[in-house]
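Taking it in order: structure first as structure tokens, then the write-up.
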Amino acid sequence: MATKILVTGGTGYIGSHTTVELQKAGYEVVIIDNLSNSSIEVLDGIEAITGIRPAFVQGDVCCIETLRRLFNEHPGIKGIINFAASKAVGESVEKPLLYYRNNLNSLMNLLECMPEFGVKGIVFSSSCTVYGEPDVNPIDETAPIKPATSPYGNTKQISEEIITDYITSGAPIKSIILRYFNPVGAHPSALIGELPNGVPNNLVPYLTQTAAGIRGQLTVFGDDYDTPDGSCIRDFIDVVDLAKAHVKAMHRMLDKEDTDAIEIFNLGTGRGLSVLELIESFERSTGVKVPYKIGPRRAGDIEKIWAIPDKANTVLGWKAEMPIDDTMRNAWAWQCRLAEKK
Ligand code: NAD
Ligand code: UFG
């Protein structure tokens, strides 16, 4: 019988790509999402790619009664991947309580339900934001955690602590914490991708919308950083590669007896790419020019950060494989498909 997994936030950007990979690997997926930052049509895309429509519960993970009903109606869930969270850094500064409430209550509810319903493990979506501005690059999982620069970033740090404290207290569960670097791109089918609400904050959706003529010009936030071309450096990781890491993590957590109850992995490519290099990659791979200008630095930005992904490579047996040009082509194909649908 297929192992049943609850994917919270499963109609979101990373959750939808992960659902596809879980289903392809033979897992049975139940999604819970309140559709606060995604659309029900994402299920059509998942079904078109995999031939399977995942079970879907429209509900809020912050409501423990909704969760208990879900676990009763879908008995036998063995693992959880918790994507459900609010994720806009700027908004979190304006609405900190919304962020603390949504991101922490949802996690605590899930943790509370796990022993009640016999769920063995939870994979948690954390972020390289917990490292702040690293003293050296690239960084592995032992790099120091720096004071958070936003309530959003703080929710990731606190979430990691909540999971650790709960397991240390003897709760009969396991957890794998995944620290994502910068997820970008879309499924190669162009049937699912990133669907930002309103004006995008993140680089790639802003870039593809500019290339599509929806935005007049992309602003590169700063070219006076201490980097070879002066723009910031990130570790851009393809979203499908990222999704596949979750399948490896789930397998390790549920099927291997001799692993630690809590494990942490960086998910990145190991390659730092500057903002200007990313724009070049987009133009090279799509043949589409992106009008851009250099603007002032964006407050709170990290200058450079990229990962040492060796632990995930060796322990999870996972490696990011997609060349960045292919990732940019997929992001563009998705943007074009969105335009067709309108
Ligand atoms: P997303 O907004 O596309 O997906 C999150 C989904 O969760 C959305 O579909 C939203 O409707 C849902 N959701 C939010 N609160 C909910 C609640 N209380 N109950 C039920 N559903 C709820 O975001 P994403 O980019 O797919 O990110 C997924 C996870 O990865 C988040 O935890 C995010 O913080 C983390 N992460 C993302 C990035 C990134 O750059 N995208 C980087 C590091 C970490
Ligand atoms: N950038 C621009 N112009 C834009 C948008 C972004 O130049 O219009 C630059 C930023 O200044 C930064 C780089 O592109 O140097 C990447 O910016 P993003 O907003 O795409 O990503 P961040 O690295 O700032 O943030 C991401 C996630 C956060 C997470 C963080 C972890 O969006 O959720 O990584 O470091 F906390």
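The values are calculated or read from the model by the stated rules, or taken from the named source; none is laboratory data. Since we're looking at a predicted model, the values are computed, not measured. For neighbour counting, all protein chains shown are included, and Cβ atoms are generated from backbone atoms with ideal geometry for every residue, glycine included. Side chains included, ligands, DNA and RNA excluded: accessible areas come from the protein's heavy atoms. Shrake-Rupley method; radii C 1.70, N 1.55, O 1.52, S 1.80 Å.
A few notes on this one:
- Among the residues of segment 102-128, the ones that are open to solvent by 40 Å² or more (accessible area, probe 1.4 Å) and near ligand 1 (Cβ under 9 Å from one of its atoms) come to 1 in all.
- Of the helices (runs of 4 or more DSSP H) entirely within segment 1-120, those holding at least 3 residues that are more than 22 Å from Asp238 (Cβ to Cβ) and within 16 Å of ligand 2 (Cβ to nearest atom) occupy 89-94, 96-100.
- Where Asn197 falls short, out of the listed (1) surrounded by fewer than 18 Cβ atoms within 10 Å (Cβ to Cβ); (2) more than 9 Å from ligand 2 (Cβ to nearest atom); (3) farther than 30 Å from Ile163 by Cβ; (4) among the polar types (S, T, N, Q): (3)
- Condition met for Ala85 (closer than 23 Å to Ala245 by Cβ and either of a type in the set (A, V, I, L, M) or free of Cβ contacts under 8 Å to residues at least 40 places away in the same chain (or both)): yes
- Listed by first and then second residue, the pairs linking a residue in segment 229-251 that is on the phi > 0 side of the Ramachandran plot to a residue that is surrounded by fewer than 24 Cβ atoms within 10 Å (Cβ to Cβ), with Cβ atoms under 7 Å apart and 6 or more places separating them unless they lie on different chains, are Gly230/Asp223; Gly230/Asp224.
- Yes/no for Lys342 being in contact (Cβ under 8 Å) with a residue 24 or more places away in the chain, open to solvent by 20 Å² or more (accessible area, probe 1.4 Å) and of a type in the set (D, E, K, R): no
- Count of residues meeting criterion [open to solvent by less than 10 Å² (accessible area, probe 1.4 Å) and among the hydroxyl-bearing types (Ser, Thr, Tyr)] in segment 1-59: 5
- Matching residues in segment 289-306 - criterion: being open to solvent by 50 Å² or more (accessible area, probe 1.4 Å) and either more than 20 Å from Asn182 (Cα to Cα) or over 27 Å from the mean Cα position of the chain (by Cα) (or both): Lys289, Pro291, Tyr292, Lys293, Ile294, Pro296
- Selection status of Val199, of a type in the set (A, V, I, L, M, F, W, C) and within 11 Å of ligand 1 (Cβ to nearest atom): no
- Any hit, segment 267-277, residues being within 15 Å of Trp306 (Cα to Cα) and out of contact with any strand residue (DSSP E or B) (no Cβ under 8 Å at 6 or more places or on another chain): yes
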